[in-house]
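Here the structure comes first, spelled out in structure tokens, and everything after it is commentary.
Only the coordinates and a few stated rules stand behind these numbers; no lab work does. Computed from a predicted structure; not experimentally measured. With ideal geometry, Cβ positions are generated from the backbone for all residues, glycine too; neighbour counts draw on all protein chains shown.
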Amino acid sequence: MPQPPDDLNAVAVRTWCSLALEALGRERAEIDAINVYPIADGDTGTNLYLTVESAHAAVEAVFAAHETGATAPATADAVRAMAHGALIGARGNSGTILAQLLRGMAGVLADGGDAAHLRLALTRAADAARRAVAHPVEGTVLTVAAAAAEAAAGGESAMGAAAEGEERDLRTVVRAAYDGARAALARTPEQLAVLGRAGVVDAGGRGLVAVLGALVETVTGQAPARGPRTGPGRTPVPVDGGSVVGLPVGGTPVEGGAPSGEGPLDCPEDGGAGPAFEVIYLLEARDERVARLRTRLDALGDSLVVVGGDGLWHVHVHVDDAGAAVEAGVEAGRPYRIRITHFATESGHDLRVQAEPTQRAVVVVVPGEGLAGLCTEAGATTVIARPGEPPASGELVDAIRRAHAREVVLLPNDATLRHTAAAAAEQARTEGVRVALVPTRAAVQGIAALAVHEPDRGFDEDVVAMTAAAGATRYAELAVAERQSWTMAGICQAGDVLGLIDGDVAVIGADVPATARTVLDRMLAAGGELVTLVLGEDVPDSLAEALEEHVRDGYLAVDTVVYRGGHQRAPLLIGVE
């Protein structure tokens with residue numbers, strides 16, 4: 001086992017994210033089962049898992065982009081990536097609050113990861129999360145976060161803290177924070193009536209304890225002690241080695257409590273019957289407009305949490321008028337990744353249309369709105385991967401559910417999404433959907449696969465045909481170099497136009513038109529019948545016309561099709577099949 005770190009450096013942050021994801025993966029089902037506040041929709045564990053999954057993916061991307069293998073990325077880059085990933089991938093009420101907690105910590109840990117910085121980071125995080133919630137309630141994850149911060153600072157709730165006047169090292173601070181959070185979690189049924197009636201602790205707080213337990217394992221090398229789980233029925237679930245709290249499993253209530261699968265409880269302040277919709281979206285807006293947005297959304301509903309800053313915000317609210325909540329976002333800035341969940345079903349989170357499912361559907365990841373429209377017209381369900389914001393597995397699972405089909409063909413269109421797509425496919429299979437993952441590595445391969453899709457033929461035959469069409473399509477893209485780098489084609493300078501063929505830099509050019517012509521010539525030298533060009537948002541139509549003419553003049557019997565991709569990472573995508 002690696003030596004535990006002396007401070008929270010970039011490697012430690014990476015380890016923490018990985019261990020937190022593992023911990024929430026183990027406890028997801030149990031946390032879902034005790035979710036009775038603010039809405040008993042049984043998804044808090046899943047939401048927290050997906051939030052941390054997004055944070056983990058962002059940190060991994062920082063390490064993957066780091067050029068020298070001898071040294072790790074800067075700590076500031078790792079913690080900011082963690083916070084940003086959690087922000088863009090936050091799910092549900094608790095996931096949104098966790099994102100703000102991580103953002104609050106990142107603002108301090110970017111300057112240092114020793115014990116003193118961690119104490120301040122936990123305090124800033126707890127304060128920031130409480131400010132983000134319109135109407136804070138005690139007995140929730142906010143209470144647990146505050147207790148962790150107080151214990152880390154050496155307050156009365158600290159367990160095992162160093163004696164007064166003794167220097168507290170990083171390990172002592174982390175253990176104290178964890179113990180303080182665990183003790184506060186055990187008290188949540190006394191603070192929030194709905195928890196007391198159900199005989200459970202707060203689900204969001206339980207998730208935060210798991211995340212802090214992962215931090216303990218990161219800095220000490222030892223995971224906190226966990227008590228045994230027992231069989232179904234009224235299951236005693238230790239709070240990670242602390243107090244034992246009755247957990248209703250499979251709808252079996254604890255004495256005097258409500259079954260975990262019930263709908264909203266009666267008392268409004270304790271998670272009672274409330275608004276019909278959960279509305280979540282990311283928002284690009286100037287900071288000064290957000291205060292007005294908070295006021296308007298607060299008047300529309302409850303469970304309002306707005307987190308973020310520096311022009312990017314994550315908005316979560318429960319309302320009866322979902323349209324009005326989105327319109328408020330439009331007035332404030334540009335909302336996107338809009339998710340509207342109806343709490344009408346007994347489970348509280350089933351978005352699938354209650355109609356007979358179709359036999360087969362295609363789910364495709366696309367890099368821009370233009371291709372999303374094209375694929376939607378072809379009958380596919382789309383997931384947009386915006387620059388720097390790859391979709392998490394939860395988004396792909398949601399898309400598979402939206403497709404509402406017995407059989408689904410999944411096209412990730414990005415080599416880096418293969419593990420994410422595989423996880424989504426596996427999750428969907430557990431829900432009874434037959435999923436085939438076609439390992440498309442670029443959007444043009446996905447277009448080729450979709451073009452030969454025939455839902456009336458056998459599933460296996462259709463998957464084979466789509467896989468063959470994708471595999472027969474070579475792909476390329478143009479990119480602009482951000483800095484001097486070594487490439488397969490030589491040394492590039494910042495501002496050079498790079499032509500990547502099948503993922504490797506093959507051409508270094510001075511401008512887009514000349515580089516695109518060279519890339520086309522390289523690709524067509526091996527033959528081809530059809531060229532696909534996907535233009536970025538700011539690329540003029542004249543470029544497509546010039547490239548079409550270049551192909552027509554130089555290559556007989558080769559056709560060219562042109563699509564507008566909208567706002568995408570690359571100015572030009574090229575496919576040859």
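Counting every other Cβ atom within 10 Å of each residue's Cβ, TYR178, TYR475, TYR563 order from fewest to most as TYR563, TYR475, TYR178. Straightening the chain between ASP538 and GLU327 buys 73.2 nm, computed as 0.36 nm per residue apart minus the Cα-Cα spacing. Assuming a ≥ b ≥ c are the square roots of the Cα gyration tensor eigenvalues, decide whether the range 358-471 counts as rounded (a/c under 1.5), prolate (otherwise, with a/b larger than b/c) or oblate. Rounded, because the longest to shortest axis ratio a/c is under 1.5. A Förster distance of 30 Å, applied to the separation of the beta-carbon atoms of LEU312 and MET488, puts the FRET efficiency at 0.30.
About the Cα centre, and with charges only on the beta carbon of Lys, Arg (+1) and Asp, Glu (-1), how big is the dipole of the chain? Nearest 20 debye, please. Don't skip to the end; give the middle numbers.
On the way: 46 positive and 77 negative charges, 161 e Å.
That gives the chain a dipole magnitude of about 780 debye.
Please work out the C-alpha center-to-center distance from the range 164-223 to the range 510-533 and express it in whole Å. Using only Cα atoms, the two centres lie 58 Å from each other.
Considering only VAL209, LEU282, TYR563, whose Cα is most displaced toward the positive end of the charge dipole of the chain, charges sitting on Cβ of Lys, Arg (+1) and Asp, Glu (-1)? Projecting each Cα onto the dipole axis, the largest value belongs to VAL209. Rounded, prolate or oblate: which one fits the range 426-467, using the alpha carbon gyration tensor with axes a ≥ b ≥ c (rounded when a/c is under 1.5, else prolate when a/b beats b/c, else oblate)? Note, shape of the range 426-467 comes out oblate.
By the count of other C-beta atoms within 10 Å, a proxy for reagent exposure, GLU217, GLU426 are ordered fewest to most as GLU426, GLU217. Couplings for the range 304-315, taken from phi via the Karplus curve 6.51 cos²θ - 1.76 cosθ + 1.60 with θ = phi - 60°, read 7, 9, 10, 10, x, x, 6, x, 10, 10, 10, 10 Hz in order; Gly and Pro are left as x.
Taken one residue at a time, the phi angles of the range 449-459 give Karplus couplings (6.51, -1.76, 1.60, θ = phi - 60°) of 5, 5, 5, 9, 5, 10, x, 7, 8, x, 4 Hz. Gly and Pro are set to x.
From the square roots a ≥ b ≥ c of the eigenvalues of the alpha-carbon gyration tensor of the chain, which class results: rounded (a/c under 1.5), prolate (a/b over b/c), or oblate?
prolate
Dividing the summed -39500 (n - 2.57) terms of all DSSP H runs of n ≥ 4 by the residue count of the chain sets its mean residue ellipticity at 222 nm at -15000 deg cm²/dmol.
Can you put HIS56, HIS419, HIS404, HIS567 in order of Cβ neighbours within 10 angstrom, beginning with the fewest?
Numbers: HIS56 24, HIS419 11, HIS404 18, HIS567 14.
Going from least to most buried by this count: HIS419, HIS567, HIS404, HIS56.
In order along the range 540-556, the Karplus-derived 3J(HN,Hα) couplings, from 6.51 cos²θ - 1.76 cosθ + 1.60 at θ = phi - 60°, round to x, 4, 4, 5, 4, 4, 5, 6, 4, 5, 4, 5, 4, 6, x, 9, 5 Hz, and Gly and Pro are given as x. Report the extension gain between GLU284 and ALA546 in nm, rounded to one decimal, defined as 0.36 nm multiplied by the number of residues separating them, less their alpha carbon distance. Between GLU284 and ALA546, full extension yields 90.8 nm more. For the chain, the longest principal axis of the C-alpha atoms and the axis of helix 75-89 are separated by about 90°.
If you take the Cα centroid of the range 371-394 and the Cα centroid of the range 544-561, the two points sit 28 Å apart.
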